[in-house]
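Colleague: Just dropping this structure here.
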Amino acid sequence: MGIVPLANDPNPQTQKHMTFHTHMHAALKEARTAASRGEVPVGAVIVSPTGLVIASAGNRTRELNDPIAHAEILAIRAACAELGQERLIGHDIYVTLEPCPMCAAAISNARLARLYYGASDPKSGGVAQSPRVFSHPQCHHAPEVYDGFSANESEILLKSFFAARRGG
């Protein structure tokens with residue numbers, strides 16, 4: 001992917017020597033596990049400022065009979081519980097699908113530093129698609145957003161899941 005600064009180091013010389021490490025593989029693993037449970041295959045991973053995975057989750061709306069049990073919400077809840085705090089300042093989230101408006105608002109409220117996502121969601125996305133939650137005047141915090149990470153793999157996973165559900 002190239003060189004991207006990960007730390008809050010103000011020294012640009014240090015930053016340009018830090019290589020970027022994606023955690024999308026872990027989010028895709030969560031998405032595959034969700035699909036195996038009959039859930040829409042979306043996975044999310046929360047990563048600390050030092051690069052450690054703090055929490056991960058896949059969709060569980062059907063399993064839990066909970067319409068807000070999206071991967072992002074579950075991962076944010078788990079990370080906050082793990083750290084004993086309501087905000088995830090400096091942490092990143094990796095998601096296989098563009099977050100919906102509800103999840104984008106949760107990402108903002110959790111104060112996540114960066115959002116990396118795979119496939120865009122023209123129908124239900126809330127980041128690059130309308131309503132563009134992070135651009136809204138009432139949004140108190142907008143993370144840095146990077147899209148297209150493992151987009152093809154994320155799209156194939158979703159399309160395969162829905163094709164199988166339709167019987168073809």
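The values are calculated or read from the model by the stated rules, or taken from the named source; none is laboratory data. Keep in mind that what you see is a predicted model, and the values were worked out from it rather than measured. Here the Cβ positions follow ideal geometry from the backbone for every residue, glycine too, while neighbour counts run over all protein chains shown. Keep in mind that these areas ignore ligands, DNA and RNA; they rest on the heavy atoms of the full protein, side chains included. Shrake-Rupley method; radii C 1.70, N 1.55, O 1.52, S 1.80 Å.
Colleague: Within a Cβ distance under 15 Å of S36, other residues only, what is the Lys/Arg minus Asp/Glu net charge?
Modeller: On the way: positive: K29, R32, R37, R60, R62, R165; negative: E30, E39, E63.
Here the count lands on +3.
Colleague: Follow-up question, since we're still on this one. With runs of 4+ DSSP H residues as the only contributors, calculate the mean residue ellipticity of the chain at 222 nm using -39,500 (n - 2.57) per run, divided by the residue total and rounded to the nearest 500. Let's see the in-between values first.
Modeller: Numbers: 6 runs with 59 residues, N = 168.
Computed mean residue ellipticity for the chain: -10000 deg cm²/dmol.
Colleague: Something else: If we count every other residue with Cβ under 14 angstrom of Q85's Cβ, Lys/Arg +1 and Asp/Glu -1, where does the sum land? Provide the component values of the computation, followed by the final result.
Modeller: On the way: positive: R77, R87, R111; negative: E82, E86.
Residues close to Q85 contribute a combined charge of +1.
Colleague: Expressed as a whole percentage, what fraction of the accessible surface of the chain belongs to carbon and sulfur atoms when a 1.4 Å probe is rolled over the protein heavy atoms? Show your work: numbers first, answer last.
Modeller: Working: 4720 of 8800 Å².
Accessible surface attributable to carbon and sulfur in the chain totals 54 percent.
Colleague: Can I ask one more? Of V45, L74, N152, which is farthest on the positive side of the dipole of the chain, counting Cα position, with +1 on Lys and Arg Cβ, -1 on Asp and Glu Cβ, and the Cα centre as origin?
Modeller: N152
Colleague: Could you state the accessible area per residue of the chain in Å², with a 1.4 Å probe and every protein chain left in place? Don't skip to the answer; put the middle values down first.
Modeller: Working: 8800 Å² over 168 residues.
Accessible area per residue: 52 Å².
Colleague: Quick one: how many Å² of I68 are accessible to a 1.4 Å probe, rounded to 10?
Modeller: That residue has around 70 Å² of solvent-accessible surface.
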